[in-house]
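As structure tokens, the structure follows; a few thoughts come after it.
The values are calculated or read from the model by the stated rules, or taken from the named source; none is laboratory data. On a predicted model such as this, the values are computed, not experimentally measured, just so you know. All Cβ positions, even for glycine, are placed from backbone atoms using ideal geometry, and neighbour counts span all protein chains on display. Quick note on the areas: whole protein, heavy atoms, side chains included, nothing else; ligands and nucleic acids left out. Shrake-Rupley method; radii C 1.70, N 1.55, O 1.52, S 1.80 Å.
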Amino acid sequence: MIWHIYKKELIDCFRDRKTIIFSVLIPILLNVGIILFVDKMMASDQTDSMSVAVTKGSDASVIDWLKNDESIKVIESKNPLSAVEEGNALAALKLSDNFSSEVLNMKSPEVTIYTDEASMNSSATAEYIQNILNKHREAIVSERLNQLNVNSQTVAPFNVIEKGLSKDDDGSLTMIAMFAPMIIIMGVLGGILPSANDIFAGEKERKTMEALLMSPVKRTQLLIGKWLTISTFGILSGLLSTFTFVLSVRYLTTALNDALQLNGHFTTFIFSFLVTLTLLALLGAMVLCILSLLANSVKEAQSYTSQIMMVAMLPYFLLIGKSVHELDSSVFLIPIYNVFALMKQLLYGVYDMQSLVYTIGSLSICTVVLFVLGHTMFTKSRWVLGKG
């Protein structure tokens, strides 16, 4: 009987164009758009359009330092600060009037770089200019030491070198690990959302729930059939989002393609991914079933579920700045949070069976608890039929 209910609800959902559009088409288009945007951002060279405004008549030596770098465009202006405020330059440089003479006389003239704090490009330009100035400052210091017959190592007893542990030199894998979990999980949640709102709240609003309850079918079977239907759309949407992501990275991107390597432990990756995706869909579907039972109309259900979507994305933002090596085993006991954490591990090639077991266990327990709650509500007419 559950199979017949499941089949009937599934066919009804596929007949609804809105469900197909919002559960399948829109998530795919959004995924492709995000991937192309990230790839364009990674492939673009931010040092190609760095402009700095300087006061007309500024020290010629510093201007030459900047002009000798092909990435810097020098703009001479009467008011460099206004040039930055008006968007004509990314940064402004202010020098003392007698910069070169003060340097020759062993003084320390000031160089001030003005930036627009709200602009990342402005900050990057300022950092780039600082590197140019630091390089010339070190050259001047080295020249002075040579004139005094002092070894440069006397004032530089050691050098500090920073190197990353990963082979992700250009940050491509970091970007994939940042966006892939969001795209996939939003695909799952986006797939269950339209069908969940319509299957319960929609039937109450259309007054078709009473006729359904009068049929010779147990309420438990009705609930399971509807729940599995919603979960199926979540799984399908999640899988489509995943395939879209992989295919888009492979064939539509340049900077991200080399970073997505799933050759090693491919079977473990697929198993972990499919199990987690399925459990997430079942859990999310039951949460939305309960919210849809609380609502008396589709519009009311949408207002409830929109808040849940925001809460579901909170773990994503909490994990952005964390490395996979910083993840304690206890975090995999927290539902939803553990899904983001596990996907991040998988994308970085970390395959920890304990993390997988904890994630499966916590999602399963949470789903069972919510199913009991949803079943209890579904047996009460006040929740199933809504306000008369």
- Message: Please verify whether Y351 is more than 21 Å from A312 (Cβ to Cβ) and either surrounded by 20 or more Cβ atoms within 10 Å (Cβ to Cβ) or touching a Phe, Trp or Tyr at 6+ places or on another chain (Cβ under 8 Å) (or both), treating the condition exactly as stated.
- Response: yes
- Residue list for region 103-135, restricted to those being over 39 Å from the mean Cα position of the chain (by Cα) and either of a type in the set (S, T, N, Q) or assigned to a helix (DSSP H, G or I) (or both): V103, L104, N105, S108
- Query: Here are L327, L283: which of them is over 23 Å from T174 (Cα atoms) and not β-branched (V, I, T)?
  - Reply: L283
- Task: Six or more apart or on different chains, Cβ under 7 Å: which pairs go from a residue in region 50-74 that's crowded, with 19+ Cβ neighbours inside 10 Å to one that's acidic (D, E)? Could you list them?
- Result: V54/E76
- Task: Scan S248, S272, S303 and give me the residue that is more than 21 Å from V372 (Cα to Cα), part of a helix (DSSP H, G or I), modelled with pLDDT under 85 and open to solvent by less than 10 Å² (accessible area, probe 1.4 Å).
- Result: S248
- Within region 208-219, restricting attention to residues that are in a helix (DSSP H, G or I) and under 15 Å from E9 (Cβ atoms), which residue is modelled with the highest pLDDT? R219
- Note on the structure: Subset of region 341-388, residues under 17 Å from L223 (Cβ atoms), hydroxyl-bearing (S, T, Y) and part of a helix (DSSP H, G or I), comes to T367, T376, S381
- Query: Within the set of pairs 6+ apart or on separate chains, which have a first residue in region 316-328 that is modelled with pLDDT of 80 or more, a second that is aliphatic (A, V, I, L, M) and part of a loop (DSSP other than H, G, I, E, B), and C-beta atoms under 8 Å apart?
  - Reply: V324/V350
- Message: Being at pLDDT below 85 and in a helix (DSSP H, G or I) narrows it down to one residue among G164, G187; which is it?
- Response: G187
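Could you go through region 336-345 and let me know if any residue there is β-branched (V, I, T) and either closer than 29 Å to A201 by Cβ or more than 19 Å from the chain's Cα centre (by Cα) (or both).
Yes, some residue in region 336-345 is β-branched (V, I, T) and either closer than 29 Å to A201 by Cβ or more than 19 Å from the chain's Cα centre (by Cα) (or both).
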- Item | Members of region 103-138 found to be among the small types (G, A, S), free of Cβ contacts under 8 Å to residues at least 24 places away in the same chain and surrounded by 10 or more Cβ atoms within 10 Å (Cβ to Cβ), listed by number | S123
- Item | F179 being part of a helix (DSSP H, G or I) and touching a Cys at 6+ places or on another chain (Cβ under 8 Å) | no
- Item | Scope region 77-102; condition closer than 13 Å to M50 by Cα, touching a residue at least 40 places away in the same chain (Cβ under 8 Å) and either open to solvent by 30 Å² or more (accessible area, probe 1.4 Å) or assigned to a loop (DSSP other than H, G, I, E, B) (or both); matching residues | L90
